[in-house]
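The values are calculated or read from the model by the stated rules, or taken from the named source; none is laboratory data. What you see is a predicted model, and the numbers here were worked out from it, not measured in a lab. Positions of Cβ are backbone-derived with ideal geometry, glycine not excepted, and every protein chain shown enters the neighbour counts. Side chains included, ligands, DNA and RNA excluded: accessible areas come from the protein's heavy atoms. Shrake-Rupley method; radii C 1.70, N 1.55, O 1.52, S 1.80 Å.
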Amino acid sequence: MDGTGAHSDPGEDGPIRPEDIQVYASLLPRLPGPAEDAPPEALRRLVAYGLLYRDDGSGGGSGGGGSSSSSSSDNDGNGGGSRPGRVTYLPVNPGLVCGRRARAILGEAQDALDRLVRTQETLAPAVEAYRHYRDLGDYEVHSGLARINEAIELAARECHEEILTSQPGGPRSAEVLASSLPPTLAMLARGARMKTIYQHNARTSAATRAYVRTVEEHGAEVRTLDENFDRLIIFDRKVAFIPSTADRTVAVEVRIPAVVSFLVGSFERSWIRAVPFTPPGRDKVTARITDEMELAILRHVVAGDKDAVTAQQLGISVRRCQEYIARLSARFGSRSRAQLGYLIAKSGVLEEAAQSEEADGAFPEPVQVPRLSALSSVSASD
C-alpha cells in the first residue's frame, strides 16, 4: 500500500461524513502533527478513507483499511497509549484520493459492463429463438402483475408506430401516471402515434390533467367517453394485451392478426364517439360532457339498473351517481325511482337525444365491445 488508502473501504465507523471533512479542514494548518483534540471516530474514518496518513513512529503507519483499527481502543484520538505524543498525522491530497478511487470505481464499472456484454452475447440466440416462437404463437398468458408488467414493458420498447390504449375506471393515481410517463415519452420520441381513451370522470383529477397535458405536448391524443369500456393495450396493431381475470392478476398477450384487427376496430369506434380531453372551447365541451353523463344515467334508470351498476359502468362513485339521480328526480318532479323511470320514458328525452346524435353524425350506431375486465395499471398502459 502507498499510504493513501486509495483502495481501502471505510472501517467499522461507516462512510466518511461531512463533519469529518470539517475536522480534516481544521487540522490542515497544524499537520503534520498530533491530533489529540480531534474526535477519535472522525480520525479513524479519515484514515480509513485515505485523507489522513497515521504515523505511530514505529514505521508501521497506516493510511486506512484494517491497520487503522489498531487505534480503535484509543480514547484521546492520538493512538499513543503508553507512548503519548508519538502518533502524528499527515494530510493526503484529496485530489489524489479522488483520482485513485475514481479509477477503482471505473475499473469495477468496466468489469460489470464486460459481464453485461458477455451475457447479452450469450443469450442473443435464445432471445431470437423466443421472438420467433412468440411471433408464431397465437397468444400467451401472463400470470402475476410482475410478469404482466414485464411483457407490456417489452412490447412498449419494441413499439415504433402506434399505441392504442383504453383506460377505464376514472382518474389514475399520481404514482401510476408518474411511472408510466418515461416509457410513454420514449415511444413518442421514436415517432410512435398514441391514442388514449379515459372515462369522463378522469377529467376531475389534477394528476391526470397534468399527465395529459405533458403527453399531448409530445404529440399524443387523449379523449374521454361517457360509457363503460374495458382496459385494452395495442402496440403497432400487431400485439394486444387484454385482461383474463377481474383481479388483474392474469392477462393475455394476443398476436392473432384477426383478433388484433377486431380489437383495433372496436377501439376506433369508441375513439370516434369520445370527446377530446383538452379541446378548444372548454366551457362548451364541459357542458356537453355533463349532458352526456346525465343522458347515460337516464338510460340506466330506465333500464332499471342499480346505482352501484350505473356508477361502475360510468366510472364514477356511487355517491356521485346518487347525486346525479337526485338532481334528475327534482328536475322531472318524481317522488320515487320507479316514477322517475316512467317519467323519463314518457318525456321522450332519450329518443330526442338519439335522433340528435344520429342527425349530426357525431355518434354512429353503438357497437358491442368485447368484455375485458380491468388490466393491471402499469407504466406502459397509461
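Some points to look at:
- Residues located in the range 305-319, provided they are polar (S, T, N, Q) and surrounded by fewer than 19 Cβ atoms within 10 Å (Cβ to Cβ): GLN312, SER317
- When the range 305-340 is filtered for residues that are assigned to a helix (DSSP H, G or I) and farther than 25 Å from PHE229 by Cβ, the ones remaining, listed by number, are ALA326, ARG327, SER329, ALA330, ARG331, PHE332, ARG337, ALA338, GLN339, LEU340.
- Residues satisfying the stated conditions in the range 328-349, i.e. in contact with a helix residue (DSSP H, G or I) (Cβ under 8 Å, 6 or more places away or on another chain) and not basic (Lys, Arg): LEU328, SER329, PHE332, GLY333, SER334, LEU340, GLY341, LEU343, ILE344, ALA345, SER347, VAL349
- Residue match in the range 119-142 (condition: within 30 Å of PHE229 (Cβ to Cβ), touching a helix residue (DSSP H, G or I) at 6+ places or on another chain (Cβ under 9 Å) and in a helix (DSSP H, G or I)): no
- Close pairs (8 angstrom Cβ cut-off, 6 or more residues apart or separate chains): outside any helix (DSSP H, G or I) in the range 31-46, open to solvent by less than 60 Å² (accessible area, probe 1.4 Å) and aromatic (Phe, Trp, Tyr) anywhere: LEU31/TYR89; PRO32/TYR89; GLY33/TYR89; PRO34/TYR89; ALA35/TYR89
- Selection of the range 206-230 for residues being in contact with a Lys or Arg (Cβ under 9 Å, 6 or more places away or on another chain) and charged (D, E, K, R) yields ARG209, GLU221, ARG223, ASP226, GLU227, ASP230.
- Of all residues in the range 189-240, those that are assigned to a helix (DSSP H, G or I) and surrounded by 18 or more Cβ atoms within 10 Å (Cβ to Cβ) total 8.
- Matching residues in the range 256-304 - criterion: being under 14 Å from LEU225 (Cβ atoms), open to solvent by 20 Å² or more (accessible area, probe 1.4 Å), at pLDDT 80 or above and not charged (D, E, K, R): ILE272, PRO276
- When residues in the range 196-220 are screened for being under 19 Å from the mean Cα position of the chain (by Cα) and under 19 Å from GLY170 (Cβ atoms), 14 of them pass.
- Residue list for the range 160-187, restricted to those being part of a helix (DSSP H, G or I) and open to solvent by less than 10 Å² (accessible area, probe 1.4 Å): LEU177, SER180, THR184, MET187
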